[in-house]
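Structure first, commentary second.
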Amino acid sequence: MLKKNNSIKLIKYYNLINYSLIYNNKAINRYKKENFEISDNKVKSLNLLKKTISSIKNCDLKKNATNIVFSDGNPKSRIMLVGEAPGANEDQEGLPFVGRAGQLLDKMLSAINLDRNKVYISNIINYRPPDNRRPTEEEIKRYLPFITKHIEIINPKILVLLGSTAMNAIIGSDVVISKMRGKWIKKKIGSCDLSVIITFHPAFLMRQPAQKKMAWIDLKMIRDKKTDLKI
Ligand code: URA
């Protein structure tokens, strides 16, 4: 500890060399990235959720995975995208949509003037299913409370569900993507009133490029809704 006199001398010295001395004992905000400083409450809730997911017990997905894949993007965004589950690249990097499907997703976002600083991205499942298989019903049931809480914390206005796994988990298992995509659905999750849109998963679009024209329609709907909601 510095004695009072020494502190005063030190402050005078810093003033002399024109150094701005700021005393701040606030906790480090891990989500303070570029233009998106978020409230301490949101940071705490996100950190707690991540900790809760990583302490899940008896989960084979977690046992086989390298990293938890929690989220990417801007936690302050009013637009949240939810995919299915991490693949090999995501598992290695601990971030969603960083492989080939992620590159296509970035292109799709950029076509409507969005990027990862302007949206928030997560998945239904936070650990990579082995061999990139689809998550089972049981796994989805187990992880659903986490993504539900995640959506509540982010509190977006627009929720984009990428592909049928995300759609069936959030909207219900009795619907098919060919009928559901390209429509706005009003949905309440916790205290959040959401405009939900379902579109094709980028990995599906890589296999079925002819469907990109449908995805473009959905993207334009997102762009227009963003304008309507003044986001
Ligand atoms: N596919 C997904 O659904 N999520 C990812 O993070 C990567 C690929």
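The values are calculated or read from the model by the stated rules, or taken from the named source; none is laboratory data. Since the structure is predicted, the reported quantities are computational estimates derived from the model, not experimental observations. Heads up, the Cβs are rebuilt from the backbone with ideal geometry, glycines too, and the neighbour counts pull from every protein chain shown. Side chains are part of the model used for accessible areas, which takes the heavy atoms of the whole protein and leaves out ligands, DNA and RNA. Shrake-Rupley method; radii C 1.70, N 1.55, O 1.52, S 1.80 Å.
Some observations on this one:
- If both residues of a DSSP beta bridge must be in region 39-228, then about 40% of such bridges are antiparallel.
- When you count the other C-beta atoms within 10 angstrom of each residue and take the mean per peptide, 191-197, 210-216 line up highest first as 191-197, 210-216.
- Whole-Hz Karplus values for region 192-205 come out as 8, 9, 10, 9, 9, 10, 10, 9, 5, 6, x, 5, 5, 5 Hz, taken residue by residue from phi with 6.51 cos²θ - 1.76 cosθ + 1.60 and θ = phi - 60°; glycine and proline positions read x.
- For region 84-231: accessible area per residue (Å², 1.4 Å): 49 Å²
- Computed over region 75-128, Kirkwood Rh from alpha-carbon pairs, angstrom: 11.4 Å
- Here is the list for region 146-204: trypsin sites (Lys or Arg not before Pro) lying in DSSP coil, each with at most 13 other C-beta atoms within 10 angstrom of its C-beta, are LYS183.
- Portion, in percent, of the accessible area of region 39-228 that falls on carbon or sulfur, probe 1.4 Å: 48 percent
- Karplus 3J(HN,Hα) series, Hz, for region 44-53 with 6.51 cos²θ - 1.76 cosθ + 1.60 (x for Gly, Pro): 4, 5, 5, 4, 5, 4, 4, 5, 4, 5
- When you filter the GluC sites (Glu not before Pro) in region 113-192 for DSSP loop state and at most 14 other Cβ atoms inside 10 Å of their Cβ, nothing is left.
- Relative to the current alpha-carbon distance between LYS42 and VAL175, full extension at 0.36 nm per residue lengthens the span by 44.6 nm.
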